[in-house]
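Below: one structure, written as structure tokens.
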Amino acid sequence: MQLALSTWQEIEHYLKQSTGIIIPIGSTEQHGPNGLIGTDTICPVRIAGDISGRERILIAPAIAYGMSQHHMAFPGTVTLRPATLIQVVIDVVSSLHRHGFTHFYFVNGHGGNIAPVTAAFSEIYAAIQGNASHPLRCKLANWWRNDAITSLARELYGDAEGYHATVSEVSLSYFAHPEAVKDVAIAPVVAPTGDIYDAADFRRQFPDGRMGSSPQLASIDAGERFCKLAVDALTADYHQFLAS
Ligand code: NI
């Protein structure tokens, strides 16, 4: 059930049965030579959509821009400053909370969002402190960080899974958008690894945008497997979260 495709009356009705909502959040940033700029948003949108296809759970429109400062030396990347992203999350949660939503489950596709989104949750809790009549819980679920995904990635790719433009995320994005699969030569086979500093340094260290990965191994079939594992894990986690 999509918020954007519902009427206000349908949302009023939904709220009588559930006060939980899933909010996909990602980024618009380079993902190496064969990864889509929308990868980090495409993955959580697909996962959330499949969760909603199984059960009547409301999905909010995605927050498609994230904190991508370190990718700004690559054309097409759009970043929110950390403070902006914090405010966006606060305003989205506050708006929905006002209508009666109490449980906000963010399905996240981008590691750079973790610090600002977690800071936003702390700001939200600080603002409602002592207001026990309006319970509010927020959770950030990083789709790629669970045992099932990690072990499949290890089994299929070993160390070539990498850290940015990973094989699993490129595969999942190809599964969601087979019309956008890229067939390009990639060298070296495995990208370099290192620490992240500013945007110019990132491009110097990681010239084609990958970190430690071999996304030429990506496939639609693997993407379907990763997607199903993520949907299983996050559906269970969402129900546990609602019970909290
Ligand atoms: Ni990514």
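Miscellaneous remarks
- Residue pairs whose Cβ atoms lie under 6 Å apart, separated by 6 or more positions or on different chains, with the first residue in the range 154-178 and among the aromatic types (Phe, Trp, Tyr) and the second within 12 Å of the ligand (Cβ to nearest atom), are Tyr157/Val167; Tyr163/Met211.
- For the range 197-221, a residue qualifies if it is open to solvent by 80 Å² or more (accessible area, probe 1.4 Å) and under 17 Å from Met72 (Cα atoms), and the qualifying residues are Tyr197, Asp198, Arg203, Arg204, Pro207.
- Output for the range 92-131, where each listed residue is part of a loop (DSSP other than H, G, I, E, B), touching a Leu at 6+ places or on another chain (Cβ under 8 Å) and over 23 Å from Ala48 (Cα atoms): Ile128
- Picking from residues in the range 95-110 that are open to solvent by 40 Å² or more (accessible area, probe 1.4 Å) and either over 14 Å from Arg137 (Cα atoms) or modelled with pLDDT of 95 or more (or both), the one that is nearest to the chain's Cα centre (by Cα) is Ser95.
For (1) part of a helix (DSSP H, G or I); (2) open to solvent by 20 Å² or more (accessible area, probe 1.4 Å); (3) within 18 Å of Ala191 (Cβ to Cβ), each residue gets a yes or a no:
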residue: Pro33; (1), (2), (3): no, yes, yes
residue: Asp40; (1), (2), (3): yes, no, yes
residue: Val45; (1), (2), (3): yes, yes, no
residue: Arg56; (1), (2), (3): no, yes, no
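- Per-region count, the range 111-138, residues touching a residue at least 60 places away in the same chain (Cβ under 8 Å) and either open to solvent by 10 Å² or more (accessible area, probe 1.4 Å) or of a type in the set (Val, Ile, Thr) (or both): 3
- Qualifying residue in the range 25-47 (condition: away from the ligand (no atom under 16 Å from the Cβ) and in contact (Cβ under 8 Å) with a residue 12 or more places away in the chain): no
The values are calculated or read from the model by the stated rules, or taken from the named source; none is laboratory data. These numbers come from a predicted model, not from an experiment. Methodologically, a virtual Cβ is constructed for each residue, glycine included, from the backbone with ideal geometry; neighbour enumeration extends over all protein chains shown. With ligands, DNA and RNA removed, areas are computed over all heavy atoms of the protein, side chains included. Shrake-Rupley method; radii C 1.70, N 1.55, O 1.52, S 1.80 Å.
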